[in-house]
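Engineer: Right, I'll just put the structure down here and ask away after.
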Amino acid sequence: MDKKLLTPGPLTTSLSTKEAMLHDWGSRDQKFIDLNQSIRDSLINLIDGENNYQCVPMQGSGTFAVESMVSSLTPQDANILILINGAYGQRMKKMCTYLNRNTIEYEVAEHEPHDMRKLEEIIDNNKQLTHVFAVYCETTSGILNPINDIANLVERKNLSLFIDAMSAFGALPLSSKDVTFDAVAASSNKCLEGVPGVGFILMKNEVIEKAKGNCHSLSLDLYDQWVAMEKNKQWRFTPPTHVLAAFNQAIAEHKKEGGIEGRHKRYKNNCKIICEGMREIGFEQLLPDDLQAPIIITFKQPNDPNFNFQKFYNALSDKNFLIYPGKLTVADTFRIGCIGNLNDQDMRNTLVAVKEVISDLKINL
């Protein structure tokens, strides 16, 4: 039996999504070409971006997609403000360092959102800025960043907004009719519940049309990938065919569940069960409920000599539940995800397993 993955991705997938990978596909065959185009169209539909946005898939993990977005869609003379409150904002900063892009950072603690007045002050004091990079849901802590407020401010200041929506896309609202952004990157193996191996970037038509010559890399060049796909609907280099077949199935299941609203409802319920149940057991949640995204929850490690994360992890693994280590610098923590093909019963079963492990390990809470 597969273990339940209480992680931010890779995550538990449906049997039908797994089964979609049982067949081999010819990458130049019309059926696969149609499947690839269907994925691209479906992802544009999820942001209400028909006619205004393009979708370019990219081989690799979500980080490949973000680096492809940054390197391909910003010119060499861009001046970028990066909003950081966790590891993924830091990763975008590191990418810009590799790419020799000029950046400034507005960094706050991992359990804090950015202050809009402070952000406006930074923008007003740095007239050279061209872009703002933001993370929608920062999985370092599970914090939900105020993407609508950020987008409204960036639009008012006539800057270009790029969003890392890895842990949000497909479960948290991101309509181009409500939120103004030039580009967003996400991947197959998060809230859309596919398997790892492909990321994608959605960007305004005029942004990709002007992107020729920006990228430092052939394989990550979004413009080149886009031109090729527009020409013959095919990938430039070997596509992850089985991953895309699974992704196509996962997108169909996402739609059947009720799209973003339906998936958000299930994840929110999963999150509520875990948060309330863990608090009842005696664990302390890092974030207040108003900052907690229904994606992954960070809990503080108990101050008890019998608590050892690796032993706690292993004991839960033995019961077929995989949780996630903490990533904070502000406190010793661990994380429990509530996304993937998991339901309320899975969450309750998780809590039963946690209670048993607490008892077995004689942890005092």
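Engineer: Give Phe312, Phe299, Phe307, Phe334 a once-over and let me know the one that is farther than 18 Å from Asp2 by Cβ, assigned to a loop (DSSP other than H, G, I, E, B), at pLDDT 95 or above and not assigned by TED's automatic domain parsing to the domain that holds Ile84.
Structural biologist: Result: Phe307 is the single residue among Phe312, Phe299, Phe307, Phe334 that is farther than 18 Å from Asp2 by Cβ, assigned to a loop (DSSP other than H, G, I, E, B), at pLDDT 95 or above and not assigned by TED's automatic domain parsing to the domain that holds Ile84.
Engineer: Only one residue in Ala228, Ala211 is of a type in the set (A, V, I, L, M), buried (at least 20 other Cβ atoms within 10 Å of the Cβ) and farther than 23 Å from Tyr136 by Cα. Which one?
Structural biologist: On inspection, the qualifying residue turns out to be Ala211.
Engineer: While we're looking at this one, here's another question. Just to verify a result, which residue in the range 1-13, among those that are modelled with pLDDT of 95 or more and more than 19 Å from the chain's Cα centre (by Cα), is surrounded by the fewest Cβ atoms within 10 Å (Cβ to Cβ)?
Structural biologist: Result: Lys3.
Engineer: Which members of the range 141-161 meet the condition of being β-branched (Val, Ile, Thr) and in a strand (DSSP E or B)?
Structural biologist: Correct list: Ile143 only.
Engineer: Let me ask you something else. Restricting to the range 27-76, name every residue that is of a type in the set (S, T, N, Q), more than 22 Å from the chain's Cα centre (by Cα) and closer than 21 Å to Asp182 by Cβ.
Structural biologist: Asn51, Asn52, Gln76
Engineer: Which residue pairs have Cβ atoms under 8 Å apart, sit 6 or more places apart or on different chains, and have a first residue in the range 243-263 that is outside any helix (DSSP H, G or I) and a second that is surrounded by fewer than 22 Cβ atoms within 10 Å (Cβ to Cβ)?
Structural biologist: Partner pairs satisfying both residue conditions: Gly258/Lys265.
Engineer: What number of residues in the range 80-98 are farther than 22 Å from Met116 by Cα and touching an Asp or Glu at 6+ places or on another chain (Cβ under 6 Å)?
Structural biologist: Result for the range 80-98: 1.
Engineer: Could you grab me the full set of residues in the range 162-178 that are without any contact (Cβ under 8 Å) to a residue 40 or more places away in the chain and not in a loop (DSSP other than H, G, I, E, B)?
Structural biologist: Ile163
Engineer: In the range 264-285, which residues are assigned to a helix (DSSP H, G or I), closer than 24 Å to Lys362 by Cβ and in contact with a strand residue (DSSP E or B) (Cβ under 9 Å, 6 or more places away or on another chain)?
Structural biologist: Ile274, Met278, Arg279
Engineer: Residues Phe181, Phe200: which one is assigned to a loop (DSSP other than H, G, I, E, B) and in contact (Cβ under 8 Å) with a residue 12 or more places away in the chain?
Structural biologist: Phe181
The values are calculated or read from the model by the stated rules, or taken from the named source; none is laboratory data. No experiment lies behind these values; they were computed from the predicted model shown. Here Cβ is always computed from backbone atoms with ideal geometry, including for glycine, and neighbour counts include all displayed protein chains.
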